[in-house]
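**Student:** First, the structure itself, so that you have it in front of you.
A short reminder: the numbers here are calculations on the coordinates, not readings from a lab. Bear in mind that the values here come from a model prediction, so they are computed numbers and not experimental data. Ideal geometry is used to build each Cβ from the backbone, glycine not excepted, and the neighbour counts take in all protein chains shown.
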Amino acid sequence: MAVIAPTLPRVRAFRLGDHVVAWALIAPALLFLVVFTLYPAAATLVQSLYSTPLAHRPSHFIGLAHFRQMIADPTFREVLANNLLYAAGSIPLSVALALAMALLVDARIPGRGFARMAYFTPTVLPLIAAANIWLFFYTPGYGLLDQLLNRLGLPGVNWLGEPATALWAVTMVAIWKQAGFFMIFYLAALQQIPPSLREAAAVEGASRWHSFRRVTLPLLGPTTLFVLVNAVIGAFSLVDSLFVLTQGGPDNASNLLLYYIYQTAFQYWDGGYAAALTVVLVAILALAALAQFLFIGRRTHYR
Amino acid sequence: MHRRNFLKLSGASAVAAALPTVARAGKVIDLPIYYPVAVGGPIAKIMDGYAAAFHRANPGIRVHPIYTGSYQDTTVKALTALHGGGASAPKLAVALSVDIFTYYDQGVLVPIEDLTQGDHAWLNGFYPAFLANSRLKGKTWSVPFQRSTPVLYWNKTAFKSAGLDPDRAPANWDEMRDYARRLTRAHNPKSATEWGLQIPSSGFPYWLFQGLAIENGQTHLAAADGTRTYFDSPETIGALDYMVDLSRKARVMPAGIINWGTTPQDFFKSRCAMMWTTTGNLTNVRKHAPFPFGVGMLPKHKRRGAPTGGGNLYVFTNTTAEERAAALRFIRWVTAPEQTADWGMQTGYIATSPAAWETPALKRYLAGFPAAAVARDQLKYAEPELSTHENQRVTQVFNNALQAALTGQKGPAEALKKAQADADAILQRYRV
């Protein structure tokens, strides 16, 4: 609008038409946004304030009772804590791995195309298929990991069946799945850095590490922030692997917020409480998106 | 039941029922039926074949089998479609027999007595053990279809190399533990298998555990009206003590959670010498075990025992009187002795009526494969599977307790007492 504004006085007669055209242009996007995002979000908020209807007991307004129930619900606390651990484990590792892979395939190494494809493959696989591959890796006895351990003379580990390892086993799958996706952003950013900057640093006698730390890394700042925000969103929404690997077990040791919402809504048929849990999840994701707008918007001057 | 009563009971469909119930010539009644695939084998192909055969015998009715994933997915999809309404919603479904309360509480079930209009003596043709999970408030809400029960499979080659009689299953708990000890390499370096025994505990550990609980004298884990559980009885706690000790004290079973899905694979690869799993796996094991194997009843303790399991046929309230008559026709056809016998032979599910076992086809099959009769013979000791109001939530509470004990997070008594308290809190509002 700011661009059009100076020309407005001359076309005043058509202003109404402009508005119609503008609205017509954003209408399709707006429609989809309302139907698939805004309305469901609002409906969820409303539903969270009503009790779950049963055949013999219709739904009625209960205010914040679901949220009070949530505070007292030990499973909710457990899945939230698990989800924070899952985020704390998967985000830094997948981002660091993505950067390392991007640096490697950005350099002139033999078989670069193949390496890029190999790193990106996990991203293309459906998560359920990927989880089935990992299910084999983790299988006690003859799974890939236990075979490796046995060859080293070490005893096998029941990776998915012990509370101490189940959550980390699931986290590994998320890291493996996401790192290739983030690598693409880093690769694009690396290729936009003018070679002259690094050449200048080399002429000044900077070591490769110094050049990376002082030149490359700061220039990748906006990309890192973008990737981080996406990783946070992923940590709360990529839970499909649980359906295959652990079903949240043993005893909720690997259960995550979104999977708990699924259980509440479609196994326990408690739609009201599931809606309240969804409100919490949406709030977390909205905070992540807000962070993206605030920080990335401010730091684009690096580009 | 008289026609007058039928009209009164079926409420919403009373108007439709008043119209002529005989299908008009040329009009075909469509019956979409949701079904899950829970065992190996070409289930979808068999189902489509049955639908085609039924249509040939009954040109006025066309049954549409619609594959809907696992049991869990099937119930999710059926209830979602029924709540959404519309023409594509299922008229019937094959769903877990224990989901009776889930459907009943949503008010979507037509009792079988309403379908049969008085003639329901045929229901007595099923094994009583299979009907136990169908009855509620004096009515029958589902018809036994793909039913199973857990059995013990053992590797005869491994038994022989450990000096055990390869043709004899362990008869009781002590014997199973002793056998398993001799079949575990850590205790017997000459054992052909790494572990003596696997009782899977992932996903739904309550089912196999229920076998132990029944054998220890806890006949039912829940009251028949689904409002009370017996998770913390001394018998239930004793059964969990035994199960936990198998891995943590006797060390004859792998520690931690044992995966349900990979256990048959573990058995084929001689990782374990004995496994507990569903009789629905029989055809799979017969096809893939690279060694001679035996099938036995679960070993007894204070008594013999096993839970029933598997899925039943349900009819939903979105049906017209015509559709209900057609649904009944299909149910009678698909559970008739010849059909039931065929279903059992093709899948490994237990044929659900004694009459089916008298058919020539099944007799021939048994003569060549006597192991198929073990599950049937075990039925006289079988008890209904755990089922309550809010079934999935209560079962989840129980599963979590079992897993907490099996992984050493909590002692069996502590875990089960907490599960009972949680179940009481959930079921409180259903007690009148």
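**Student:** Could you tell me which residue out of B:GLN392, B:PRO189, B:THR308 lies farthest along the dipole of chain B toward its positive end? Charges go on the beta carbon: Lys and Arg +1, Asp and Glu -1, centred on the Cα centre.
**Tutor:** Working it through, the farthest residue towards the positive pole turns out to be B:PRO189.
**Student:** Amide H to amide H, which residues 5 or more places from B:ALA273 or on other chains are under 5 Å from it, using H placed in the peptide plane?
**Tutor:** The list, which skips near neighbours in sequence, is B:TRP195, B:GLY196, B:LEU197.
**Student:** Taking the dipole about the Cα centre of the protein assembly as shown, with the C-beta of Lys and Arg at +1 and of Asp and Glu at -1, give me whichever of B:ALA336, A:ALA276, A:LEU31 is farthest to the positive side.
**Tutor:** A:LEU31
**Student:** Given H placed on each backbone N at 1.01 Å, which residues far from B:LYS300 in sequence or on other chains put an amide H within less than 5 Å of it?
**Tutor:** Hits under the 5 Å cutoff: B:ASN172, B:TRP173.
**Student:** What FRET efficiency, computed as 1/(1 + (r/R0)^6) with R0 = 56 Å and r the Cβ-Cβ distance, is obtained for B:ALA57 and B:LYS417, rounded to the nearest 0.05?
**Tutor:** Working from the Cβ atoms, E equals 0.55.
**Student:** Note the full-extension length gain between A:LEU85 and A:TRP168 as 0.36 nm times their separation in residues minus their Cα-Cα distance, in nm to one decimal.
**Tutor:** 29.0 nm
**Student:** Provide a whole-number value for the mean count of partner chain Cβ atoms within 10 Å of the Cβ atoms in peptide A:265-274.
**Tutor:** Shielding by partners across A:265-274 averages 4.
**Student:** Using only C-alpha positions, report the orientation-averaged shadow area of the convex hull of the protein assembly as shown, nm², one decimal.
**Tutor:** With the hull built on Cα positions only, its mean projection is 42.9 nm².
**Student:** Could I ask something else about it? Got the relative contact order for chain B handy, in percent, Cα pairs under 8 Å and 6 or more residues apart?
**Tutor:** 23
**Student:** Follow-up. Any idea what diffusion coefficient the stretch B:198-240 gets from Stokes-Einstein, in µm²/s, Kirkwood Rh on alpha carbon pairs, 20 °C, 1.002 mPa s?
**Tutor:** 200
**Student:** Give, to the nearest whole percent, the P(r) tail of the stretch A:73-302 beyond 22 angstrom, counting all Cα pairs.
**Tutor:** 60
**Student:** Mean-square fluctuation check for chain A, GNM, Cα pairs under 10 Å: which of A:HIS66, A:HIS19, A:HIS210 is largest?
**Tutor:** Judging by the Gaussian network model, the answer is A:HIS19.
**Student:** Now for a different question. Which of B:HIS389, B:HIS220 comes first, and how do the rest follow, when ranked by fewest Cβ neighbours within 10 Å?
**Tutor:** B:HIS220, B:HIS389
**Student:** What FRET efficiency comes out for the pair A:LEU148/A:TRP209, r = Cβ-Cβ distance, R0 = 30 Å, nearest 0.05?
**Tutor:** 0.40
**Student:** As an exercise, find the ratio Rg/Rh for the stretch B:335-432 from alpha-carbon atoms, using the Kirkwood inverse-distance average for Rh.
**Tutor:** Ratio of gyration radius to Kirkwood radius: 1.20.
**Student:** Suppose we take every Cα in the stretch A:152-270 and form the convex hull; what volume per residue is that in Å³?
**Tutor:** 149
**Student:** Moving to a separate point now. Grab the beta carbon distance between B:ASP245 and A:SER196, set R0 = 60 Å, and tell me the FRET efficiency rounded to 0.05.
**Tutor:** Computed FRET efficiency for B:ASP245 and A:SER196: 0.25.
**Student:** 5 Å is the cut-off here: which amide hydrogens, built 1.01 Å from N in the peptide plane, fall below it relative to B:SER202, excluding neighbours closer than 5 in sequence?
**Tutor:** B:ILE258, B:TRP260
**Student:** Based on other C-beta atoms within 10 Å, arrange A:ASP251, A:ASP106 from fewest to most.
**Tutor:** Listing A:ASP251, A:ASP106 from fewest to most nearby Cβ atoms yields A:ASP106, A:ASP251.
**Student:** Turning to a different aspect of this structure: Taking just the alpha carbons, could you work out the radius of gyration and Dmax for the stretch B:144-226, both in angstroms?
**Tutor:** So, for the stretch B:144-226, Rg and Dmax equal 15.7, 51 Å respectively.
**Student:** Let me ask something else. Order by neighbour count: B:ASP245, B:ASP342, fewest other Cβ atoms within 10 Å first, most last.
**Tutor:** Going from sparsest to densest Cβ surroundings: B:ASP245, B:ASP342.
**Student:** Please report the spacing between the Cα centers of the stretch B:231-268 and the stretch B:371-432 in Å, no decimals.
**Tutor:** So the two Cα centres are separated by 15 Å.
**Student:** Let me ask something else. Tell me which DSSP H helices of chain A clear both cut-offs, 20 Å or more of axial length from alpha-carbon atoms and a mean Kyte-Doolittle hydropathy of at least 0.5.
**Tutor:** Qualifying helices, which must be both long enough and hydrophobic enough, are A:15-33, A:74-106, A:163-192, A:221-237, A:271-291.
**Student:** What is the Rg over Rh value, at two decimals, for chain B, using alpha-carbon atoms and the Kirkwood definition of Rh?
**Tutor:** Rounded to two decimals, Rg over Rh is 0.99.
**Student:** Largest first, please: the extent of the C-alpha atoms of the stretch B:49-91 along each principal axis, to the nearest Å.
**Tutor:** Between the extreme Cα coordinates on each principal axis of the stretch B:49-91 lie 32, 23, 8 Å.
**Student:** Helices from chain B with mean Kyte-Doolittle at least -0.5 and a Cα length along the axis of 18 Å or more, per DSSP H: which?
**Tutor:** Taking the DSSP H segments of chain B (at least 18 Å long, mean hydropathy at least -0.5), we get B:43-57, B:71-84, B:234-248, B:321-334, B:391-406, B:412-427.
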